[in-house]
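Throughout, read-outs are computed from the coordinates displayed, never taken from laboratory work. Just so it is clear, the model here is predicted, and its values are computed rather than measured. When we count neighbours, we look across all protein chains shown, and the Cβ atoms used for this are built from the backbone with ideal geometry, even at glycine.
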Amino acid sequence: MNIISAGMVFTRGSGIGSFENALHEGWRIPGEVEYSKSNKSFAYQFDQTTIRDKAVLKKMRRADKLSKMAVAAASEALGNSGIDDIRGKNIGIITATALGAQVTTFSFLDDIIEYGESSVSPTTFSNSVHNAAASYISMVLGIRGPVMTVTRFFFSFQSALQLAQSWLNESRCEFILVGAVEQYGDVLAYIQDTKLNASPDGRILPFNLNPAYQVPGEGSVFFLVSNKDTDTALCNIEDVYLDTYEKESEKPDVNIIDTDGLLKDESVYAESLSPDIPTAAYSPVFGSMMSGSAFNCLAGALMLRNRMLYASPVQDNPHGLNIVDRTVSRDIELIRCIRYNCYENKAVICLRKKQ
Amino acid sequence: MSNNNVLISGLGVISAAGRDLSETLESFSTGRRNAGPVTLFETSLPYPVFEVRDLPEEFYPEHQRTAALALCAVNEALQDARLGEDLSALRVGVCMGTTVACQLNDLDFYTSYRESGAASMGPVDRYLKGNIAEFISQRYRLNGPALTVVNACSSGTDAIGIAMSWLKSGLCDIAVAGGADELNRVPLSGFGSLGIVSRDPCAPFDRDRKGLNLGEGAGVLVLEKADSAARRGISSGMRVLGYGSASDAYHLTAPKPDGAGLETSIEKALSDAGIAPDKIGFVNAHGTATHDNDAVEGKVLAKMFGPDIKILSTKGVTGHTLGAAGGIEAVFSAAALREGWIPASAGFENQDENIPIVPVRERTEIRGESALSTSLAFGGNNSALVFGRGRKT
Amino acid sequence: MGTEGVQDLARIRKTLKELLVKDLSLEDITPEEIKDDEVLFGEGLGLDSLDAVEIVVILQRNFGLDVKDMENRKDIFYSIDSLARYVFESRKDSVSDG
């Protein structure tokens with residue numbers, strides 16, 4: 001399947017352009033946050049005022065931040081399709097989220113604690129369900145195809161892509177908006193800093209492997225995918241390997257690894273790397289998220305389209321890995337995006353230059 | 001691969017109506033309704049619920065009730081499919097719908113964090129191990145795809161639809177698919193605030209219906225490619241013939257009054273199955289007993305299948321089991337086709353003059369070789385499955 | 001109704017308008033711009049079924065009122081005027097009961 005177009009929001013703004021800028025500019029220190037009453041830490045938070053398309057926000061006055069991020073990203077992806085009558089096509093929606101509307105869920109629990117079980121807000125409850133974001137996308141963009149929300153922690157995004165491929169192959173849909181969304185919250189920061197290694201200086205060190213440091217992020221990436229092709233399509237998704245052995249394929253030009261400190265020890269990634277293939281990792285520009293794979297996948301797609309190799313934003317390299325350390329023009333053919341989960345299972349997304 | 005080659009080789013179900021399929025069929029034939037006050041947690045809410053009693057302990061991972069319910073149903077379905085404990089030589093996927101198990105909504109954990117800024121990580125660890133599909137995949141060491149569908153009340157139906165896609169695209173040869181959800185105070189409180197929970201046992205499609213009752217449980221099908229079943233020496237006449245899904249794009253909580261999304265989803269499921277509406281012997285309706293759901297659903301079913309189509313809602317004996325509902329009702333639909341009868345639609349007494357259709361009032365023999373099961377979700381998604389019975393292959 | 005009653009009603013209307021704008025996340029409208037007799041649902045302010053149940057919670061939390069059997073009490077939800085009158089009357093009842 002092909003990535004026809006994409007849309008995104010993240011800590012450094014809204015839109016693909018802001019992500020390309022961030023890839024060019026490199027690392028910036030994340031904002032400081034406070035949790036557990038007085039603990040200070042870092043997080044990559046999204047500023048909702050950067051959403052340019054105010055019209056979509058008008059159609060979702062009740063929505064929470066998670067849903068607004070997803071709608072903004074999906075709306076941009078659809079808008080960038082370059083296909084005139086795209087809204088009239090048979091489009092499905094598959095939203096991947098590892099943690100869903102946890103922030104709104106906690107505010108619903110606040111309601112129960114403060115006002116009692118019989119005086120809780122029905123709007124807060126409605127926004128707290130996992131599929132609220134996908135529902136808003138469907139309502140705001142007027143999409144009447146199948147609308148699905150799926151979750152599998154680290155492999156949420158890869159699973160969604162795999163399903164999109166199946167649906168396209170059986171002609172269930174002609175186009176699919178498939179993407180990921182995650183939100184930052186103080187409870188999440190508390191959990192991550194308790195269970196994992198908090199970054200002391202706000203830097204995720206993606207090549208450090210062990211110990212691995214995390215900085216919570218938030219945002220959304222959506223892709224419009226199809227088996228059709230267009231002049232402006234970004235790249236081809238050749239394969240998604242998940243819960244299965246990866247087919248031996250030709251040597252990729254770049255490996256992008258999803259290291260972001262959400263495994264306390266990321267040494268397992270070393271198995272997938274090779275000294276003669278340069279490795280990149282972009283989590284330091286968007287933060288640690290279980291479905292952060294979608295952001296790295298977008299970076300890969302942009303590299304293929306822009307014929308550009310983007311330097312890894314944080315380059316501490318204690319193991320002497322072959323890393324992408326400079327931004328240079330390069331005609332890239334094949335990229336592997338690699339993610340491991342807590343059971344040390346591997347998922348690989350193979351991105352290929354459009355033929 | 002055609003849908004005709006997707007066999008149902010095993011069924012497993014647990015709900016307030018019974019802890020396995022035979023207990024459930026027994027409840028169906030006696031018309032027993034096990035609704036009562038909440039006993040699983042402290043609550044001031046006055047709603048009757050359908051709880052599962054006497055959950056077998058061997059299936060009870062500590063404090064993971066949804067996982068326990070899922071394991072019960074999966075275990076029964078695997079045994080029914082004559083699949084043993086070691087599945088490592090087969091390519092088995094698992095796709096499960098849920099609503100509760102995907103949320104970190106442990107009130108004790110959160111209260112502690114709120115008050116003291118710290119909390120035990122126990123509930124978090126259980127949550128991170130409790131992604132229901134991943135949990136089952138780990139437990140049975142499956143080596144096919146694993147995915148949890150969190151599509152509110154159509155999750156179970158969608159999970160089965162997704163599993164069919166996996167089988168057709170060759171991602172696995174066997175798939176365990178359905179849904180599981182526990183009764184939990186957070187959704188009970190939430191649905192209560194929406195004003196759609198009844199203080200009496202629910203009455204789907206009835207003129208005087210006052211809302212839904214929540215329930216809990218799990219329902220699981222083992223779906224299998226015909227060639228895989230043949231290799232294992234298994235035969236089954238039961239099939240999932242088609243799946244369709246479409247969105248209302250209308251409202252976060254209310255169904256579209258004209259039911260256009262539901263109608264499209266049924267059309268897609270029938271076309272996926274390659275059968276005409278008149279081949280449908282009965283419809284296991286979503287039938288939550290809320291004012292809006294039953295009005296919309298009744299209208300659409302009457303329009304598409306005529307006012308004489310046999311329909312029932314099994315929520316009168318299970319309550320609304322949310323993410324499990326589609327799985328549980330898929331098991332009921334397949335079992336009813338196999339057994340050749342459907343029970344009376346529990347809770348129904350008087351026709352609503354705004355609903356041009358009446359559910360079955362008594363045990364009814366089924367004619368026809370196919371059945372339809374529908375699910376309407378919060379957020380406007382609608383999904384439908386078509387089941388078939390035929391020659392054993 | 002005495003002067004005190006009239007003032008009380010006016011206060012309730014003002015509070016209700018503020019609560020609606022805030023708790024229903026109404027955009028492009030200030031509390032002052034909502035007319036006392038403006039239809040709240042469908043036409044007029046354009047509220048929907050989810051807003052209706054949210055208003056029930058607003059009445060519960062801010063005025064201690066428990067609206068049962070909403071389906072048959074649609075008259076209460078017609079406008080700010082009708083909501084305010086309901087709040088006013090219910091409070092009067094509970095005072096005289098007490």
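Some values worked out for this structure:
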read-out: Coil-residue trypsin sites (Lys or Arg not before Pro) of the stretch A:174-252, DSSP, other Cβ within 10 Å capped at 10; value: A:K247
read-out: Alpha-carbon centroid distance for the pair the stretch B:363-393 / the stretch A:225-241, whole angstrom; value: 35 Å
read-out: In the stretch B:74-166, trypsin sites (Lys or Arg not before Pro) in a DSSP loop with at most 12 other beta-carbon atoms within 10 Å; value: B:R141
read-out: In Å, descending, principal axis extents of the Cα set of chain C; value: 39, 30, 20
read-out: Rounded FRET efficiency, nearest 0.05, which uses the C-beta distance separating B:Q138 from B:D108 and R0 of 25 Å; value: 0.45
read-out: For A:S291, distant residues with modelled amide H under 5 Å away; value: A:A98
read-out: Fraction of antiparallel bridges per DSSP, the protein assembly as shown only, in percent to nearest 5; value: 65 percent
read-out: Separation between Cα centres of the stretch C:4-44 and the stretch A:38-63, rounded to whole Å; value: 27 Å
read-out: The stretch B:187-242-the stretch A:175-209 distance, computed between alpha-carbon centres (Å); value: 36 Å
read-out: Å³ per residue enclosed by the Cα convex hull of the protein assembly as shown; value: 159 Å³
read-out: Shape category assigned to the stretch B:252-393 from the gyration tensor of Cα positions, a/c cut at 1.5; value: rounded
read-out: Under 5 Å, built H, 5+ apart or other chain: amide partners of B:V197; value: B:L212
read-out: Under 17 Å from the Cα of B:K279 - lysines, other chains or at least 8 residues apart; value: B:K268, B:K303, B:K310
read-out: Least to most buried among C:V87, A:V268 (fewest other Cβ within 10 Å first); value: A:V268, C:V87
read-out: Relative exposure of C:T3, A:T97, judged by other C-beta atoms within 10 Å (fewest first); value: C:T3, A:T97
read-out: Anisotropy class of chain B from Cα gyration tensor, a/c 1.5 cut; value: oblate
read-out: Calculated FRET value between A:D47 and C:K22, using beta carbons and R₀ = 30 Å, to 0.05; value: 0.85
read-out: Beta bridge orientation in the stretch B:3-389: antiparallel %, DSSP, nearest 5; value: 65 percent
read-out: Neighbour cut-off at most 12 other Cβ (10 Å), DSSP loop, GluC sites (Glu not before Pro), the stretch A:261-355; value: A:E344
read-out: Exposure proxy order (Cβ contacts within 10 Å, fewest to most) of A:S199, A:S126, A:S171; value: A:S171, A:S199, A:S126
read-out: Estimated distance in nm for a label pair at C:T30 and B:M121, the labels positioned 7 Å out from Cα along Cα-to-Cβ; value: 5.1 nm
read-out: Computed FRET value (nearest 0.05) for C:D48 with A:D85, which takes r as the C-beta separation and R₀ as 41 Å; value: 0.85
read-out: Too-long pairs where the Cα-Cα distance tops 30 Å, listed order kept, from A:K264/A:K353; A:K54/B:K168; A:K40/B:K129; value: A:K264/A:K353; A:K54/B:K168
read-out: Phi to ³J(HN,Hα) by Karplus 6.51 cos²θ - 1.76 cosθ + 1.60 over the stretch B:21-27, Hz, x for Gly, Pro; value: 5, 5, 4, 5, 5, 4, 4
read-out: Virtual paramagnetic centre 7 Å along Cα→Cβ of A:D110, amide N under 17 Å, in the stretch A:5-44; value: A:34-38
read-out: Gyration tensor verdict on the stretch A:296-355 (Cα atoms; rounded if a/c is under 1.5, prolate if a/b is larger than b/c, oblate otherwise); value: oblate
read-out: Stretch in chain C that is longest and holds no GluC sites (Glu not before Pro) that DSSP places in a loop and that have at most 16 other beta carbons within 10 Å; value: C:44-98
read-out: At 1.002 mPa s and 20 °C, Stokes diffusion of the stretch A:2-352 via Kirkwood alpha-carbon radius, µm² per second; value: 106 µm²/s
read-out: Stokes-Einstein D in µm²/s, Kirkwood radius over Cα pairs - the stretch A:99-172 at 25 °C with 0.890 mPa s viscosity; value: 171 µm²/s
read-out: Inter-label distance, nm, simple model (7 Å from Cα along the C-beta direction), B:E349/B:A230; value: 5.5 nm
